[in-house]
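J.: One structure coming up, written as structure tokens, with questions to follow.
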Amino acid sequence: MKKIVVSASSLPAGRNMSSQIEYLARVGNFGADMYHFDVMDGTYTKNKSADYTYIPQLKEGSTLLFDCHLMVNEPQKVLNKYAKAGANILSVQYEVFLDKKDLIKTLKKIKKLGMMAGLAVDLNTDIVEVDKFIKYVDLVLIMSVKAGKGGQPFDKSAIKKIKHVRQMNPNVLIEVDGGINDVTGAKCVTAGADILVSGNYIYNNDTYEAIQGLKGKNG
Ligand code: DX5
Ligand code: ZN
């Protein structure tokens, strides 16, 4: 049985440092494998969230890998800051690079800084557009909601995208993000996903049960 990696989204815990510390400890204690640190600065999305300044203190109390999802324009400006703060995975949005040469440069720089490079593909982007960039990344982050907020319903168009990326590359890690629960998560894993991001489903339910459910361990 394939090991399903669960990456709990930081978004529901908000921008208050103590609630972030408490939530990170809770998801870590109840089996999450990574912390999906969602970053919004009001440029690519209208909402704003916690940013790299929170990471050092958060990492003091947790051994979870920080799976950072930068929903920001010009992410190249902050790569060093996330590397220094302790990010382990850094995913940038495909859509913010008008010149795709900058995208390749950014993905190479993320790796040079010692982090795993992820390419996040938003809901309305045609997945074939990213085919030629898969060789530069460790991970493709497929959005199953429009990037910008938690609690949105899963968009099943993500399933076809997962299958496409899996078919293009048997080894790249595939992470899915948005509206993931035990039912939608199982469909994503069957389609080829390795990592499930979940925000509201974990936050609004019993932490242990929700994480076990995402791992396909309930029932
Ligand atoms: C949305 C974020 C997601 C979101 C997931 O822009 O990238 O990570 O927090 O939250 P749920 O699981 O509630 O859709
Ligand atoms: Zn995210």
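Rule-based calculations on the coordinates, nothing more; no lab input. It should be emphasised that the depicted structure is a prediction, and the values quoted were computed from it without experimental measurement. Cβ sites come from the backbone with ideal geometry, for glycine too, and all protein chains shown count toward neighbours.
J.: Under 37 °C and 0.692 mPa s, how fast does the stretch 5-214 diffuse according to Stokes-Einstein, given a Kirkwood radius computed over C-alpha pairs? Answer in µm²/s, whole number.
T.: 196
J.: I'd like the distance between the alpha-carbon centres of the stretch 1-47 and the stretch 104-154, rounded to an integer number of Å.
T.: 17
J.: How big is the dipole moment of the stretch 65-215 about its Cα centre under a simple scheme where the beta carbon of each Lys and Arg is +1, that of each Asp and Glu is -1, and everything else is neutral? Debye, nearest 20, please.
T.: In total the dipole reaches around 600 debye.
J.: Can I ask one more? So what is the calculated 222 nm ellipticity per residue for the chain, using -39500 (n - 2.57) for each DSSP H run with n of 4 or more, over all residues, to the nearest 500 deg cm²/dmol?
T.: -9500 deg cm²/dmol
J.: Please figure out what share of the DSSP beta bridges in the stretch 78-161 is antiparallel and state it in percent, rounded to the nearest 5.
T.: In the stretch 78-161, approximately 0 percent of DSSP beta bridges are antiparallel ones.
J.: Size of the stretch 125-219 along its principal axes in angstrom, Cα-based, largest extent first?
T.: Answer, in whole Å and largest first: 41, 27, 20 Å.
J.: Hey, what does the equivalent ellipsoid look like for the stretch 46-125, semi-axes from the Cα gyration tensor as sqrt of 5 times each eigenvalue, largest first, whole Å?
T.: Working: eigenvalues 94, 42, 23 Å².
Semi-axes, largest first: 22, 14, 11 Å.
J.: What percent of all Cα-Cα pairs in the stretch 34-91 falls into each 5 Å bin, going from 0 up to the bin containing the maximum distance?
T.: P(r) over the stretch 34-91, rounded to whole percents: 4, 20, 34, 26, 12, 4, 0.
J.: Principal axis extents for the stretch 166-219, Cα atoms only, whole Å, descending order, please.
T.: 37, 22, 14
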